[in-house]
Amino acid sequence: MISFTNVGKKYKNGSTSVALEDINLKIETGEFVTLVGKSGAGKSTLVKLIIGEEQPTCGKIMVAGQNVGVMRSKDLPTLRRKLGVVFQDFRLLPKKTVHENVAFAMEVAGRPEHEIIEVVPQVLDMVGLAERANHFPSQLSGGEKQRVAIARAMINRPMVIIADEPTGNLDPVNTWEIIKLLTKINELGTTIILATHSKDIVNALGKRVVSIDKGRVVRDEKNGRYILH
């Protein structure tokens, strides 16, 4: 599904800084993987490499049989339709309703109108937002906004959903609602990659834990726990 082979990433900001170094990692279909580490450890860089937002300095990244590191820009949208991404800051379109935000992801993917009309209400119902379909983002709570973001991420039935600190701006009640929703999606067969720095979330989930410290994978355990380095 997803594999990193000897992957490194360096940035040049006046002087060269190493974001990731010698990453070797495999994520299989249907797994729920938590990426953990302190702020700046390299979690977000790893996510950006998976979706082709950044290119590796060295090594090979394979996603769904494609070498992301050498893909042309024009080919990336096709790959990204197989990936759903959820961010901490929601990234909703403020002038579109909940329904329109989710439908827009299908429109961009070229899905037919009759399919959009049928599928969007189904997905909004799944995330518990059927009654908020005609509301705008400014009328939603933080938890509701994140559920819209998850609905948008899953609307094109991706093979993988990547959630980068999706609960970072949420209170504890909404945090656990989002985690339960991601778990439900995983149980339906979608691979989940959750980047988080929350010890409580990781330990409650009891899923595979990949720990990153100073740009390196320092632990990789099934049914693991969050251990600070």
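When we screen V47, V36, V18, V7 for residues that are β-branched (V, I, T), touching a helix residue (DSSP H, G or I) at 6+ places or on another chain (Cβ under 6 Å) and touching a residue at least 40 places away in the same chain (Cβ under 8 Å), the only hit is V36.
The residues of the stretch 54-81 that are assigned to a loop (DSSP other than H, G, I, E, B) and farther than 19 Å from M1 by Cβ, listed by number, are E54, Q55, T57, R72. For the criterion of being modelled with pLDDT under 95, touching a helix residue (DSSP H, G or I) at 6+ places or on another chain (Cβ under 7 Å) and over 22 Å from L46 (Cβ atoms), L188 fails. Output the number of residues of the stretch 2-40 satisfying the condition of being on the phi < 0 side of the Ramachandran plot and within 20 Å of the chain's Cα centre (by Cα). Here the count works out to 22.
Residues in the stretch 8-53 that are part of a strand (DSSP E or B) and either of a type in the set (G, A, S) or touching a Leu at 6+ places or on another chain (Cβ under 6 Å) (or both): G8, K9, S15, S17, A19, T34. If only residues of the stretch 162-215 that are of a type in the set (S, T, Y) and out of contact with any Phe, Trp or Tyr (no Cβ under 9 Å at 6 or more places or on another chain) are counted, the one that is farthest from G8 (Cα to Cα) is T175.
The single residue among R111, R147 that is touching a residue at least 12 places away in the same chain (Cβ under 8 Å), assigned to a loop (DSSP other than H, G, I, E, B) and not small (G, A, S) turns out to be R111. For the stretch 1-46, the set of residues classified as surrounded by fewer than 17 Cβ atoms within 10 Å (Cβ to Cβ), hydroxyl-bearing (S, T, Y) and at pLDDT 90 or above consists of S3, T5, T29, listed by residue number. If you go through the stretch 216-229 and keep only what is hydrophobic (A, V, I, L, M, F, W, C) and either touching a residue at least 60 places away in the same chain (Cβ under 8 Å) or more than 22 Å from G8 (Cα to Cα) (or both), you end up with V217, I227, L228. Reported count of residues in the stretch 74-88, each being out of contact with any strand residue (DSSP E or B) (no Cβ under 7 Å at 6 or more places or on another chain), of a type outside the set (D, E) and without any contact (Cβ under 8 Å) to a residue 40 or more places away in the chain, is 5. Taking the criterion of being at pLDDT 90 or above, within 22 Å of E115 (Cα to Cα) and surrounded by fewer than 19 Cβ atoms within 10 Å (Cβ to Cβ), the residues of the stretch 63-104 that qualify are L93, K96, T97, E100, F104.
Conditions tested, residue by residue: (1) on the phi > 0 side of the Ramachandran plot; (2) polar (S, T, N, Q); (3) at pLDDT 90 or above.
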residue: Q146; (1), (2), (3): no, yes, yes
residue: A153; (1), (2), (3): no, no, yes
residue: G168; (1), (2), (3): no, no, no
residue: K184; (1), (2), (3): no, no, yes
residue: V202; (1), (2), (3): no, no, yes
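Go through the residues of the stretch 123-137 one by one and say whether even a single one is assigned to a strand (DSSP E or B) and at pLDDT 95 or above. No, the stretch 123-137 has no match at all.
The values are calculated or read from the model by the stated rules, or taken from the named source; none is laboratory data. Treat the numbers as computed from the prediction; the structure is a model and nothing was measured. Neighbour counts are summed over all protein chains in view; Cβ atoms, including those assigned to glycine, are modelled from backbone coordinates with ideal geometry.
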